[in-house]
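Visitor: Have a look at the structure that comes next, please.
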Amino acid sequence: MIGEKVFDDISARMAAAIGLEPDSRRGKNVRVLLRSALGRLDFVSREEFDIQVAAARAHPRKLEALEERLASLEGRAKTAAK
């Protein structure tokens, strides 16, 4: 999940952008609204993302190996059928 520091940083920047002091009541409301909006989004951790990237990079190699194996098996089947 997103860390508190990230919420603090984003909410402070948003509050500053709209002319609010981050520690003001309205500034705190910005933080609450931001947390609520981002909390509904479906985020993954960096670790989960990196795992999926590694798996996606491995798929072409696995597919190539399977295609070679299938071609070999098909060749054997044709030879055996003759």
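Visitor: If a helix is a whole DSSP H run, which ones in the chain reach 15 Å or further along their own axis (Cα) and hold a mean Kyte-Doolittle hydropathy of at least -0.5?
Guide: Span-like helices, by this rule, are 4-17, 25-39.
Visitor: Name the residue from SER11, PHE49, LEU34 whose Cα lies farthest towards the positive end of the charge dipole of the chain, charges +1 on Cβ of Lys and Arg and -1 on Cβ of Asp and Glu.
Guide: The residue sitting farthest along the positive end of the dipole is PHE49.
Visitor: Can you give me the distance in nm between label points at SER36 and LYS78, each placed 7 Å from the Cα along the Cα-to-Cβ direction?
Guide: Simple spin-label model gives 6.6 nm for this pair.
Visitor: Which lysines does LYS28 reach when only Cα atoms under 17 Å apart count, and residues fewer than 8 places away in its own chain are ignored?
Guide: Answer for LYS28, where 17 Å is the Cα cut-off: LYS5, listed by chain and number.
Visitor: Further, regarding this structure: Grab the DSSP H runs of the chain that are 4 residues or longer, score each as -39,500 (n - 2.57), total them, divide by all residues and round the 222 nm result to the nearest 500 deg cm²/dmol.
Guide: After summing the helix terms and dividing by residue count, I get -27500 deg cm²/dmol.
Visitor: log₁₀ I(q)/I(0) of the chain at q = 0.11, 0.12, 0.14, 0.21 Å⁻¹, via Debye over equal Cα point scatterers, no solvent, to two decimals?
Guide: Each listed q maps to, in turn, -0.54, -0.58, -0.66, -0.93.
Visitor: About the Cα centre, and with charges only on the beta carbon of Lys, Arg (+1) and Asp, Glu (-1), how big is the dipole of the chain? Nearest 20 debye, please.
Guide: Roughly 240 debye for the chain.
Visitor: Given R₀ = 30 Å, FRET efficiency for SER45-MET14 by Cβ-Cβ distance, to 0.05?
Guide: Efficiency for this residue pair is about 0.80.
Visitor: Right, something else. What is the local net charge at LEU38, summed over the other residues whose Cβ is closer than 13 Å to its Cβ (Lys, Arg +1; Asp, Glu -1)?
Guide: Taking every Cβ under 13 Å from that of LEU38, the sum is -1.
FYI, it's all coordinate maths here, none of it is from the lab. Since we're looking at a predicted model, the values are computed, not measured. Virtual Cβ from ideal backbone geometry, glycine too; neighbours counted across all protein chains shown.
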